[in-house]
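First up is the structure itself, then whatever we jot down about it.
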Amino acid sequence: MRALIAALVLGCTMLITPLALADSPPEPDTTDAGAQEDAAEERATQFVGVRGPEAESIPGGALLLAAYAVVWALLFLFLLRMRGLQRQTAEELERLSAQIRASEGQ
Amino acid sequence: MSRTRQSGNSTVWSLVLFATLALFAATLYMIFVVAPVEQQMGIVQKIFYFHVPSAYAMYIGFGVSAVGSAVYLLKRDPKWDAVGVAGAEVGTLFCLIVLLTGPLWARKAWGVWWTWDPRLTTTLLAGMIFAAYLALRSMGDAGEVEKRFAAGLALFGLVDLPLIHFSVQRWRGVHPTVITGKGGGLESEMYWALGLSFIAFTGLAVLLIWARASVERQREETARLRLELMHR
């Protein structure tokens, strides 16, 4: 009987110990020195300039607006230039025609 | 040119003008009201609806310039030289639009304004060839030799156009291939907006080439009259 009780106690101990160990939470580091060390590690120790496109973020709306403004502005400038050319050529044609008429009349 | 033919041309011109204006209004409505905002790039993707048709209008301009130049070299008819000049100017205008709107999109999508991608590089090359053509033609009253040399330059520029188009398929690059190559395509509203934009830009390119060629013919006439007066 004693041997049976001893075997049961041993068996239960063997079953419960791993479960008890598995449930136990990790021991927190509550010392002040440890906490201060972590904070020091998180603190920035140098400044590094960002190079490349990550340096700034341009909103897409501004780029879209700029693109459409470029299209209309270039078209408008082209039309203005063409109007100028047309006016200049018409004036020149008129002047030359008058000169030819005058030379024919002589 | 007879008065009847002038009147007919004027009617066609007005019809194309009003149709183009109406198409632009419809295109802008489709782009900003109907077509959805793209998931990855956001609102900046809407540059695409003017950028791609501008590239197409650039092809039209440079193509017309090359055809006009080829016919001029064969026939020596100043009318075709005027067509060549008009096509080169309009093509360069749209090339400039492509080269300015592209980087505005790329800044957001790729993080850089410019990269030496095959399509970007070949487009820049085409712009430079036709800019050289215009520089050559802008040196006072171009003589016969300058005109012929410029016509040859336009034909040389024509060789670059297929390179631009097929560069995204043949060479490795970063330029999107949404509507060419093996792209994933567009949503139906996006297709409608792009399709209308293509038609509107075609109308615009035709109108501009037509008007510019007409002015150039007048300039040719002026040069002829000036020469006639000098020989009297």
For this session: With the condition kept exactly as written, say whether any residue in the stretch B:171-190 is within 14 Å of another protein chain (Cβ to nearest Cβ), of a type outside the set (Asp, Glu) and under 27 Å from A:TRP72 (Cβ atoms).
Result: no
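Does any residue of the stretch B:172-187 turn out to be assigned to a helix (DSSP H, G or I) and over 18 Å from B:ILE97 (Cβ atoms)? Working first, answer last.
We begin by selecting, within the stretch B:172-187, every residue assigned to a helix (DSSP H, G or I); these are none.
No - not one qualifying residue is present in the stretch B:172-187.
Yes or no, residue by residue, for (1) open to solvent by less than 80 Å² (accessible area, probe 1.4 Å); (2) over 28 Å from B:LYS108 (Cβ atoms); (3) touching a strand residue (DSSP E or B) at 6+ places or on another chain (Cβ under 6 Å):
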position	(1), (2), (3)
B:THR177	yes, no, no
B:GLU189	yes, no, no
B:ALA193	yes, no, no
B:PHE201	yes, no, no
B:LEU208	yes, yes, no
B:ARG217	no, yes, no
B:LEU225	yes, yes, no
B:GLU228	yes, yes, no
For this session: Check the stretch B:55-67 and report whether any residue there is more than 25 Å from A:VAL70 (Cα to Cα) and of a type outside the set (Gly, Ala, Ser).
Result: yes
Exercise. If you check B:GLY91 against the conditions, is it touching a Cys at 6+ places or on another chain (Cβ under 7 Å) and under 24 Å from A:LEU75 (Cα atoms)?
Worked result: no
Exercise. Of (1) under 22 Å from the mean Cα position of the chain (by Cα); (2) open to solvent by 40 Å² or more (accessible area, probe 1.4 Å); (3) more than 14 Å from chain A (Cβ to nearest Cβ), B:TRP114 satisfies all except one. Which?
Worked result: (3)
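From the set of residues in the stretch B:9-40 that are part of a loop (DSSP other than H, G, I, E, B) and open to solvent by 60 Å² or more (accessible area, probe 1.4 Å), which is nearest to the other protein chains (Cβ to nearest Cβ)? Working first, answer last.
To start, the set of residues in the stretch B:9-40 that are part of a loop (DSSP other than H, G, I, E, B) comprises B:35-37, B:39-40.
This time we only want the ones that are open to solvent by 60 Å² or more (accessible area, probe 1.4 Å), so: B:37, B:39-40.
Working: B:VAL37: 9, B:GLN39: 13, B:GLN40: 11 Å.
So the residue we want is B:VAL37.
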Seminar exercise, completed: For the stretch A:78-106, pairs from a residue that is within 10 Å of chain B (Cβ to nearest Cβ) to a residue that is not in a helix (DSSP H, G or I), with Cβ under 6 Å and 6 or more apart or across chains, are A:SER103/B:ARG232
Problem set entry | Qualifying positions in the stretch B:117-153 - within 22 Å of B:GLY173 (Cα to Cα) and within 14 Å of chain A (Cβ to nearest Cβ) | B:GLY127
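Could you please find all residues in the stretch B:117-143 being of a type outside the set (A, V, I, L, M, F, W, C) and open to solvent by less than 40 Å² (accessible area, probe 1.4 Å)? Please lay out each step first, then the result.
First, pick out the residues of the stretch B:117-143 that are of a type outside the set (A, V, I, L, M, F, W, C): B:117-119, B:121-123, B:127, B:133, B:137-138, B:140-141, B:143.
Of everything in the stretch B:117-143, those that are of a type outside the set (A, V, I, L, M, F, W, C) and open to solvent by less than 40 Å² (accessible area, probe 1.4 Å) turn out to be B:ASP117, B:PRO118, B:ARG119, B:THR122, B:THR123, B:GLY127, B:TYR133, B:ARG137, B:GLY143.
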For this session: Inspect all residues belonging to the stretch B:198-216 and state whether any of them is over 22 Å from the mean Cα position of the chain (by Cα) and assigned to a helix (DSSP H, G or I).
Result: no
Seminar exercise, completed: Among A:ALA73, A:ALA66, the single one that is more than 7 Å from chain B (Cβ to nearest Cβ) and open to solvent by less than 90 Å² (accessible area, probe 1.4 Å) is A:ALA73
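The values are calculated or read from the model by the stated rules, or taken from the named source; none is laboratory data. All values reported here derive from a predicted model rather than from experimental measurement. In this analysis, Cβ positions are derived from the backbone assuming ideal geometry, glycine residues included, and neighbour counts consider all displayed protein chains. Accessible surface areas use protein heavy atoms only, side chains included; no ligands, DNA or RNA. Shrake-Rupley method; radii C 1.70, N 1.55, O 1.52, S 1.80 Å.
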